[in-house]
Ligand code: ARG
């Protein structure tokens, strides 16, 4: 069968392999709702400007609405021979209303049509992701508030560095996710222009009203250059870049959950709902969801890379290469959505082992910096000298295999004669975190205030 949409020029049907490589309907059917929304805006404008008759416009509109219902109910039949979603809708339209269907494509091309559809799709995806990220921020901030004062080791180089609080650690992720939302918001603001009316690449000779269609579709304005309109996929790249970074943040949290849930750390307990067992080792509680969140960042970063490579070196304006923008993007944004849902579930259920965290916080001479600071503040030693003295005290404690607080005052005085028993106050982990009151520091009072601030902001803005 010759293609109905361009059959005039062709004598032969496409080869089966041609059809297979060319068809996008297997994935671009996801754009059906957006495609119909774009067509409804276009036909309303064609009718209003008198480019087509009011009667034809009304018939097309009614048929489009019927098709939307058929697709929603799963009653629509898809076939590779009709290539993509745009041709499916148009073909069904002509079955329903005959000749008038052909007028819908006046002053339009699939090139501007797909650009509209994809912008609408990405815009919806960003809005949905934004609420999901906010929900995760809320779960993290609530957990942070509940454990604002729970002391745990803070690490650098994966070595115990200084005590922090569990709430402070969780709020670090709330900050990252806040930046992620900012990036999605920026991408959304820039994408919100309508390419409809750019037609194939050069615009059209019909007296279309691009401002009207832009407004009908919730865009801020029409795009300015028709060539750019049909070849631009920056909005997808920006969204995937934001998604990739967000996925990397989730992956870092996933990695921490994997470590923390291991018996060696024993920092947290994952709920049964977010753990799996082993078919052979009865003792196992595996953090599969956290591992998969960690791993799925790979396909999301991959989608960004793949699209950048598709675009690199592509001449203006439209080329079929641009059809390759979709599968990876759908997969990436759906994967991110799943990762956000899983992470929110895990975080909500996560129970820190507060006693174990506290015990670990004191290990590894984590209050050595507090001791050095004490020498500076109370004995007025220069910091470098205090660092050297503390190093000697740590070496002595390590040799004796005891904690700093277990050294006797006599042992300490042998190294620094000016030390007094006041030093013991700063050696406790609670004192250490309580003293970190600098802005952004880990003091429980700070953490409580920050968690409350976030929860209030998240309530207001959603
Ligand atoms: N399925 C196509 C895509 O996703 C639609 C645009 C086709 N345009 C064309 N000139 N063949 O890019």
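The values are calculated or read from the model by the stated rules, or taken from the named source; none is laboratory data. Quick caveat, the model's predicted, so the values are computed rather than measured. We place every Cβ from the backbone using ideal geometry, glycine too, and count neighbours over all the protein chains shown.
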Within the stretch 306-354, the count of residues that are away from the ligand (no atom under 16 Å from the Cβ), in contact (Cβ under 8 Å) with a residue 60 or more places away in the chain and either more than 21 Å from the chain's Cα centre (by Cα) or closer than 18 Å to residue 292 by Cα (or both) comes to 21
Considering the stretch 360-405 alone, what residues qualify as being in contact with a strand residue (DSSP E or B) (Cβ under 9 Å, 6 or more places away or on another chain) and either without any contact (Cβ under 8 Å) to a residue 60 or more places away in the chain or part of a helix (DSSP H, G or I) (or both)?
360, 361, 362, 363, 364, 365, 368, 369, 370
If you go through the stretch 287-305 one residue at a time, do you hit one that is within 17 Å of residue 238 (Cα to Cα), surrounded by fewer than 19 Cβ atoms within 10 Å (Cβ to Cβ), within 16 Å of the ligand (Cβ to nearest atom) and without any contact (Cβ under 8 Å) to a residue 24 or more places away in the chain?
no
Out of 191, 201, 217, report the one residue that is within 16 Å of the ligand (Cβ to nearest atom) and more than 25 Å from residue 341 (Cα to Cα).
201
Say whether the condition of being under 18 Å from the mean Cα position of the chain (by Cα), part of a helix (DSSP H, G or I), without any contact (Cβ under 8 Å) to a residue 60 or more places away in the chain and within 26 Å of residue 134 (Cβ to Cβ) is met by at least one residue in the stretch 257-275.
no
Taking the stretch 189-232 and keeping residues out of contact with any strand residue (DSSP E or B) (no Cβ under 7 Å at 6 or more places or on another chain) and buried (at least 20 other Cβ atoms within 10 Å of the Cβ) leaves 191, 195, 196, 198, 199, 208, 226, 229, 230, 231, 232
Tell me the residue from 178, 154, 167 that is more than 16 Å from the ligand (Cβ to nearest atom) and either on the phi > 0 side of the Ramachandran plot or assigned to a strand (DSSP E or B) (or both), please.
154
Answer yes or no as to whether residue 136 is within 30 Å of residue 432 (Cβ to Cβ), surrounded by 20 or more Cβ atoms within 10 Å (Cβ to Cβ) and away from the ligand (no atom under 16 Å from the Cβ).
yes
Any residue at all in the stretch 410-423 that is within 19 Å of residue 366 (Cβ to Cβ) and modelled with pLDDT under 95?
yes
Helices (runs of 4 or more DSSP H) completely within the stretch 1-66 that count 2 or more residues being away from the ligand (no atom under 16 Å from the Cβ)
16-22, 32-48
Any residue that is assigned to a helix (DSSP H, G or I) and surrounded by fewer than 15 Cβ atoms within 10 Å (Cβ to Cβ) - is there at least one of those in the stretch 306-317?
yes
Residue satisfying all of: in the stretch 99-110; assigned to a helix (DSSP H, G or I) and more than 16 Å from the ligand (Cβ to nearest atom); surrounded by the fewest Cβ atoms within 10 Å (Cβ to Cβ) among these:
99
Just to be sure, is residue 124 modelled with pLDDT of 95 or more, away from the ligand (no atom under 15 Å from the Cβ) and outside any loop (DSSP other than H, G, I, E, B)?
yes
Verdict on residue 129 being part of a helix (DSSP H, G or I) and more than 16 Å from the ligand (Cβ to nearest atom)
yes
Can you name the residue in the stretch 4-23 that is touching a residue at least 12 places away in the same chain (Cβ under 8 Å) and surrounded by fewer than 20 Cβ atoms within 10 Å (Cβ to Cβ) and is also nearest to the chain's Cα centre (by Cα) among such residues?
22
Here the residues within the stretch 80-95 that are buried (at least 22 other Cβ atoms within 10 Å of the Cβ) and without any contact (Cβ under 8 Å) to a residue 60 or more places away in the chain are 86, 89, 93
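Residues checked against (1) at pLDDT 95 or above; (2) surrounded by fewer than 17 Cβ atoms within 10 Å (Cβ to Cβ); (3) in contact with a helix residue (DSSP H, G or I) (Cβ under 6 Å, 6 or more places away or on another chain):
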| site | (1), (2), (3) |
| --- | --- |
| 153 | yes, no, yes |
| 157 | yes, yes, no |
| 164 | yes, no, no |
| 168 | yes, no, yes |
| 173 | yes, no, yes |
| 177 | yes, no, yes |
| 186 | yes, yes, no |
Quick check on my filter: what residues within the stretch 78-98 are in a loop (DSSP other than H, G, I, E, B) and within 12 Å of the ligand (Cβ to nearest atom)?
83, 84
